[in-house]
1. Against the conditions (1) among the small types (Gly, Ala, Ser); (2) outside any helix (DSSP H, G or I); (3) within 52 Å of the chain's Cα centre (by Cα), where does ALA23 fall short? Just the number, please.
2. Go through (1) among the small types (Gly, Ala, Ser); (2) in a loop (DSSP other than H, G, I, E, B); (3) surrounded by fewer than 20 Cβ atoms within 10 Å (Cβ to Cβ) and name the single condition ALA7 misses.
3. Would it be correct to say that ASN598 is at pLDDT 80 or above and assigned to a loop (DSSP other than H, G, I, E, B)?
4. Scan the stretch 18-33 residue by residue and report those that are among the hydrophobic types (A, V, I, L, M, F, W, C) and either crowded, with 21+ Cβ neighbours inside 10 Å or touching a residue at least 40 places away in the same chain (Cβ under 8 Å) (or both).
5. Give just the number: which of (1) under 30 Å from GLN232 (Cα atoms); (2) without any contact (Cβ under 8 Å) to a residue 60 or more places away in the chain; (3) surrounded by fewer than 20 Cβ atoms within 10 Å (Cβ to Cβ); (4) of a type in the set (Val, Ile, Thr) does ILE90 not satisfy?
6. Which members of the stretch 632-646 meet the condition of being touching a residue at least 12 places away in the same chain (Cβ under 8 Å) and outside any loop (DSSP other than H, G, I, E, B)?
7. Restrict the check to the stretch 240-255 and report whether at least one residue is assigned to a strand (DSSP E or B), among the aliphatic types (A, V, I, L, M) and at pLDDT 90 or above.
8. With (1) loosely packed, with under 10 Cβ neighbours inside 10 Å; (2) at pLDDT 85 or above as the list, and PRO612 as the residue in question, which single condition is left unmet?
Amino acid sequence: MSYQVIARKWRPQTFEEVTGQEAITRTLRNAVEHDRLHHAYLFSGARGVGKTTTARLLAKALNCHKTDGKPNPQPCSPSDPTACASCVEISESRSIDVLEFDAASHTGVDDIREIILESININPARDRYKVFIIDEVHMLSNSSFNALLKTLEEPPPRVAFIMATTELHKLPDTILSRCQEFEFRTIPTQKIYDRLKIIAEAENIKISVDGLRDIARSGEGSMRDAQSNFDQVISFSGEQIESTDVATALGLASSEMLTKTAKAIAENKPAEVLNVVDDLIGRGQDLRNFCRDLLSFIRDLLIFKMAGDAEHLLDTAVLSHDELRENSAPFSESDLIRFFNSLSETETKLREATQPRYVLEIGLVKLVEMRRLAPIEKILERLAKLENAVVNGNFQDNQTIEENLVEKVLEKKTLAIDFPLEEVPFPVSTSVVSAVESQNSIETVSEKVEQFYQDEMHSNHSSDSFSENVLEQTLQQPDSAFAEAQIVAINQTESNSPTPLTFAENAARIIESMPIRLPPITSEELEHVEDSWLDDAFDRRLQQLDDDLRPIKNASLFVELLLGENQTNGLTAKIETANGGAAAFATAKNKPNFVIPNFDDEEESTEIPVLPQNPTEEEIWTYAHSHPIVKKALRIFRGKIIEVKLGARTPRPQ
């Protein structure tokens with residue numbers, strides 16, 4: 001007897017042997033058993049999933065002779081010595097009452113008329129039903145479908161139509177509405193593996209588990225394709241098969257090649273992926289098949305990261321769960337999605353590429369380069385932080401600022417500077433002076449500020465606007481040396497005062513507690529910028545603090561305190577140097593660099609002086625200095641007269 005391929009030799013002969021279509025076979029078996037048969041069935045689905053096989057089994061069930069007068073839900077198997085003649089003939093495709101033809105080679109209306117319409121009214125020769133099995137029914141022409149409409153809707157008794165197609169969308173709705181439709185699903189890889197294992201044991205084929213799983217995976221849900229590939233591997237390797245033989249015979253990418261490619265992408269090694277392509281070329285493997293296998297591999301990694309517990313979604317996975325976890329760890333979900341999209345474009349280009357090697361090499365190198373790109377989420381996050389910093393003027397997030405403040409409090413119990421004292425533009429002393437240390441060295445800056453605020457409210461509830469303004473600056477800048485010195489000075493001063501301080505005393509003590517005196521500055525070095533918005537905002541802030549906005553009468557006293565002589569600090573601040581030593585700032589200079597004009601004591605005079613007819617230069621100078629408009633201009637602009645000239649006089653009216 002001639003050799004018979006595995007796909008035909010191991011075709012299911014009973015409903016129980018059909019793999020992966022249990023719901024359909026159960027429905028058909030119950031319909032046969034309870035005599036609820038339809039006159040037209042339509043089987044649709046992918047290739048090699050059992051459509052034609054199930055059609056033959058249904059035909060056998062309708063015409064089996066082991067049951068008298070009604071169909072048999074358990075038709076005979078050809079290997080059974082007691083099988084009926086009808087089941088044997090249908091299994092061998094030579095029954096005269098079961099007509100099976102391919103619609104792809106009989107598309108015209110004449111073929112339909114000759115095969116079906118002219119013989120449909122003839123009773124079955126021997127069997128119970130006359131069955132027409134039309135394979136690839138979607139290939140029929142529109143005229144052929146129209147010719148079948150009436151017969152398909154109201155066929156004669158004892159006639160059944162069973163049609164199979166892989167492209168259901170090509171059938172007219174008029175045909176679909178007249179049939180009972182069954183959609184065949186692709187077969188899971190595990191079930192294909194179990195079926196191939198039974199075949200290998202029956203055929204005495206020794207094959208490794210990985211090799212058999214690779215063959216099952218190569219079928220892509222089609223039992224017939226997997227069985228055909230198994231037949232091919234047996235012809236290549238004989239009765240002893242390893243996973244390497246399967247990869248070589250079928251041109252599949254082994255798990256080693258896939259993991260090697262993933263590792264090269266994770267480690268940013270483009271040379272490694274080029275070596276992989278060169279290895280594939282040397283083995284003579286199809287580059288497009290490798291690209292498709294790599295797509296499946298990336299899909300498995302993505303599914304494992306997103307739903308690792310869903311084992312049914314990883315039936316086609318090449319690797320085990322531990323291997324998937326190891327290979328997916330270097331990548332994020334976004335990385336794998338980008339890899340899949342890019343590799344899909346590469347696979348599309350490989351279809352029509354004249355140089356497929358170059359296309360695949362560039363596609364894999366692109367995957368490596370994608371690892372160097374920053375994710376769009378991080379870029380958007382950085383842009384949001386930058387926008388917040390520009391708007392609020394805060395270039396650090398709150399957590400970073402709080403950590404920095406706490407670190408400063410824990411490390412610095414005294415004021416310290418991080419620059420050489422030789423660079424200070426005013427005289428300093430290197431003598432060690434004791435400082436006021438914190439009573440609780442582990443309290444945070446926020447706790448200090450809050451405690452100071454509470455003490456200030458209880459001790460001096462009626463303090464004026466200047467003191468409140470200083471407190472506000474302290475709350476806003478708790479990490480600066482100046483603010484820390486203010487807190488210490490005010491706390492110690494007010495804690496020792498039995499009575500509330502006056503405005504002048506409070507201001508004087510705050511100024512005295514400053515560790516650094518203001519440098520000398522002349523009036524010419526000052527610059528005034530008119531900014532109405534800033535001025536209005538300052539006025540509104542003062543109004544919120546209950547400031548009456550009146551000029552400070554004793555402003556000269558503050559300047560004298562800042563720049564004048566006899567400035568002895570009641571509290572000396574200790575300055576730690578970078579080399580571990582300590583120093584204290586010296587007192588300010590004895591005299592200020594400029595004299596503050598006292599405009600409050602001057603009497604405003606609106607009398608315009610009289611200039612002689614032919615004045616001398618001295619008289620002109622005297623006239624200019626005594627003119628009220630000139631005096632007002634000099635006072636406002638802090639200016640002085642550097643030159644005077646006598647202009648042309650206008651004659652007075654008579």
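The values are calculated or read from the model by the stated rules, or taken from the named source; none is laboratory data. All values derive from a computational prediction rather than experimental measurement. Quick reminder, even Gly has a Cβ in these numbers, built from the backbone with ideal geometry, and neighbours come from all protein chains shown.
1. (2)
2. (2)
3. Answer is no for this residue.
4. The answer is VAL18, ILE24, LEU28, VAL32.
5. Going through the list (1) under 30 Å from GLN232 (Cα atoms); (2) without any contact (Cβ under 8 Å) to a residue 60 or more places away in the chain; (3) surrounded by fewer than 20 Cβ atoms within 10 Å (Cβ to Cβ); (4) of a type in the set (Val, Ile, Thr), ILE90 breaks only (3).
6. ARG635, the sole residue that qualifies.
7. For the stretch 240-255, residues assigned to a strand (DSSP E or B), among the aliphatic types (A, V, I, L, M) and at pLDDT 90 or above: absent.
8. Of everything listed in (1) loosely packed, with under 10 Cβ neighbours inside 10 Å; (2) at pLDDT 85 or above, PRO612 misses just condition (2).
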